[in-house]
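K.L.:
Take this structure first; my questions come after.
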Amino acid sequence: LALCGDAARAQTLVEDLHRKLPQDTLHNTLWLPLIRATIELPRNDGATRAIQILQAARQYEPALGFRLAWLRGRAYLQAGNTALAAAEFERILAHRGWDALSPLWSLAHLELARATALSGDVAKSRQQYEAVFALWPEADADLPVLREARQEYEKLK
């Protein structure tokens, strides 16, 4: 719900889950911070708050695969810190074994392309966009994320 933009319903579920499972370590140290950070990200100054929320879960990161690093990278990107964003996405790409089947691995190429484009490294950005296109050769042409990626790639030419 938080990823789909329904922050109010996501927040209600987070509060309900915390109330029902106040002693659950997995939920309180990993899942709830991840959801709370996702809720914060689209808000004003949400990137800074999302980064702060995610710091507490950093030591348990591999337990959730790429989710924490990907969201933290998105938050850094939103905050304008392209170097830290790129580092998060590069870490995902370097550790595919954490979550071998995750769609976030291929999306990390896209987010790295965006981060490097914003930092001015056009060659690396183009390379990452091309990696996305190579990973999704038969994806639906009208897939919103793929349409956006193609438009962004065209602007680099």
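K.L.:
Please go through the stretch 82-93 and pick out each residue that is modelled with pLDDT of 95 or more and open to solvent by 60 Å² or more (accessible area, probe 1.4 Å).
P.N.:
Across the stretch 82-93, the qualifying residues are Ala83, Leu84, Glu90.
K.L.:
Give the residue that is least open to solvent (accessible area, probe 1.4 Å), with candidates limited to residues of the stretch 1-21 that are outside any helix (DSSP H, G or I) and free of Cβ contacts under 8 Å to residues at least 12 places away in the same chain.
P.N.:
Once the filter is applied, the top-ranked residue is Asp6.
K.L.:
While we're here: Pull out all pairs, ordered by first then second residue, where Cβ-Cβ is under 6 Å, the residues are six or more apart or on different chains, the first lies in the stretch 131-145 and is closer than 15 Å to Glu111 by Cβ, and the second is assigned to a helix (DSSP H, G or I).
P.N.:
Ala131/His109; Val132/His109; Val132/Leu110; Val132/Ala149; Leu135/Ser106
K.L.:
Another question, if that's okay. Do we have any residue at all in the stretch 120-138 that's closer than 25 Å to Cys4 by Cβ, out of contact with any strand residue (DSSP E or B) (no Cβ under 6 Å at 6 or more places or on another chain) and of a type in the set (Gly, Ala, Ser)?
P.N.:
no
K.L.:
Same structure, new question: Taking Leu77 as the residue in question, decide whether it is part of a helix (DSSP H, G or I), open to solvent by less than 10 Å² (accessible area, probe 1.4 Å) and not β-branched (Val, Ile, Thr).
P.N.:
Values: part of a helix (DSSP H, G or I): yes; open to solvent by less than 10 Å² (accessible area, probe 1.4 Å): no; not β-branched (Val, Ile, Thr): yes.
No: the conditions fail for Leu77.
K.L.:
Return the total of residues in the stretch 35-47 being touching a residue at least 24 places away in the same chain (Cβ under 8 Å) and open to solvent by less than 60 Å² (accessible area, probe 1.4 Å).
P.N.:
The number of residues fulfilling the criteria is 7.
K.L.:
Sticking with this one: Could you please give the count of residues in the stretch 22-59 that are outside any loop (DSSP other than H, G, I, E, B) and either closer than 17 Å to Gly73 by Cβ or not polar (S, T, N, Q) (or both)?
P.N.:
24
K.L.:
Here are some conditions: (1) among the polar types (S, T, N, Q); (2) closer than 25 Å to Pro103 by Cβ; (3) modelled with pLDDT under 90. Thr25 meets all but one. Which one does it not meet?
P.N.:
Only one criterion in (1) among the polar types (S, T, N, Q); (2) closer than 25 Å to Pro103 by Cβ; (3) modelled with pLDDT under 90 is unmet by Thr25, namely (2).
K.L.:
Oh, and also: Looking at the stretch 53-74, is at least one residue of a type in the set (Phe, Trp, Tyr), under 21 Å from Trp105 (Cβ atoms) and open to solvent by less than 60 Å² (accessible area, probe 1.4 Å)?
P.N.:
In the first step, residues of the stretch 53-74 are kept if they are of a type in the set (Phe, Trp, Tyr); the result is 60, 66, 70.
Applying the additional criterion that residues be under 21 Å from Trp105 (Cβ atoms) yields 60, 66, 70.
From what's left, open to solvent by less than 60 Å² (accessible area, probe 1.4 Å): 66, 70.
Yes; the residues of the stretch 53-74 include at least one that is of a type in the set (Phe, Trp, Tyr), under 21 Å from Trp105 (Cβ atoms) and open to solvent by less than 60 Å² (accessible area, probe 1.4 Å).
K.L.:
If you don't mind, another one. Of all residues in the stretch 102-138, which are assigned to a loop (DSSP other than H, G, I, E, B) and either at pLDDT 95 or above or loosely packed, with under 13 Cβ neighbours inside 10 Å (or both)?
P.N.:
Within the stretch 102-138, Gly120, Asp121, Pro137, Glu138 qualify.
K.L.:
Next up: Using beta carbons and a limit of 7 Å, which pairs, at least six apart or on different chains, have the first residue in the stretch 78-107 and over 18 Å from Val132 (Cα atoms) and the second one open to solvent by 60 Å² or more (accessible area, probe 1.4 Å) and among the hydrophobic types (A, V, I, L, M, F, W, C)?
P.N.:
Thr82/Leu118
The values are calculated or read from the model by the stated rules, or taken from the named source; none is laboratory data. Bear in mind the structure is a predicted one, so any value in this text is a computation, not a measurement. Here Cβ is always computed from backbone atoms with ideal geometry, including for glycine, and neighbour counts include all displayed protein chains. Surface accessibility is based on the protein's heavy atoms, side chains included, excluding ligands, DNA and RNA. Shrake-Rupley method; radii C 1.70, N 1.55, O 1.52, S 1.80 Å.
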